[in-house]
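**Q** Here it is, the structure, as structure tokens.
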Amino acid sequence: MSRSCVFIAFLVIGTATIAAQPIPKLDVFGGYSFGHVGTRLFANPNLNGWDVSVTYNWNKWFGIVVEGSGLYGSKQVSPPRTVVFVCPQNPAVCPLPISIGATNESQKVHTYSIGPRFYYRNHTRYTPFARALFGGGYLSDATHTNGISGGPAAEANGGSILTAGGGVDIALTSRMAFRTQADFQRNRFFHEAQPDFRLATGLVFHFGHK
């Protein structure tokens, strides 16, 4: 038997083995997240961070997911500058110039949510899913100059978050998969509904079986 035939047979057997694995009891996901935050307060609405979730699977098509995420960003809003004092009456006692560093604006968004996840399991390595989550979050927008915080320019704790989206799990082994997901979010920080968009990608680890 040629090497190509051996490789094809191994690939077919491996794919069938992955597809035949039992439904996991728990899925634990962790990975990178990119988000666009629709609040008008942020100088840089495109943020990067993390996303983690735990899903308990009731059966082959339905599960309950608990999720947390964090998004962070920073942008310079004022360049470094020098303040020069003018003392025409007595230049000898005039204070020396003062150098002021750049002013940076830092953004932070944390969310936590829970809701159902619906799977479409099939006989391939690919498992699409959809989900709808509800929860809350924390948002902060602060400035820093010369390493000293100027305090939060805006801060909100407990704003409601509604998330709807989906993605796909690609099985790598019987205990691990690669996940990509996209979500549209609706937040109500500062009593205003704002649209958000978030992408996440990372690894899923399976524990137990149904």
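No value in this document is a laboratory result; all are computed from the given coordinates. Quantities reported herein were computed from a predicted structural model and do not represent experimental measurements. All Cβ positions, even for glycine, are placed from backbone atoms using ideal geometry, and neighbour counts span all protein chains on display.
**Q** Determine, from the Cβ-Cβ distance of Tyr32 and Ala182 and an R0 of 22 Å, the FRET efficiency 1/(1 + (r/R0)^6), rounded to the nearest 0.05. Please list the in-between numbers first.
**A** On the way: r = 13 Å, r/R0 = 0.60.
The value I calculate is 0.95.
**Q** Would you mind counting up the charge near Phe178? Only other residues with Cβ under 12 Å from its Cβ, with Lys and Arg at +1 and Asp and Glu at -1.
**A** On the way: positive: Arg125, Arg179; negative: Asp169.
Here the charged neighbours net out to +1.
**Q** What are the ³J(HN,Hα) values, in whole Hz, obtained from phi via the Karplus relation 6.51 cos²θ - 1.76 cosθ + 1.60 with θ = phi - 60°, for each residue of the stretch 111-126 in sequence order, with x given for Gly and Pro?
**A** 10, 9, 7, 8, x, x, 10, 10, 9, 10, 7, 9, 9, 10, 6, 9
**Q** Using the 10 angstrom Cβ neighbour count as an exposure proxy, how do His123, His36 rank, fewest first?
**A** Details: His123 9, His36 15.
Listing His123, His36 from fewest to most nearby Cβ atoms yields His123, His36.
**Q** A further question follows. Need the full-extension length gain, Tyr120 to Trp58, defined as separation in residues times 0.36 nm minus the C-alpha distance. One decimal, nm.
**A** Values: separation 62, 0.36 × 62 = 22.32 nm, distance 1.37 nm.
Gain on stretching Tyr120 to Trp58: 20.9 nm.
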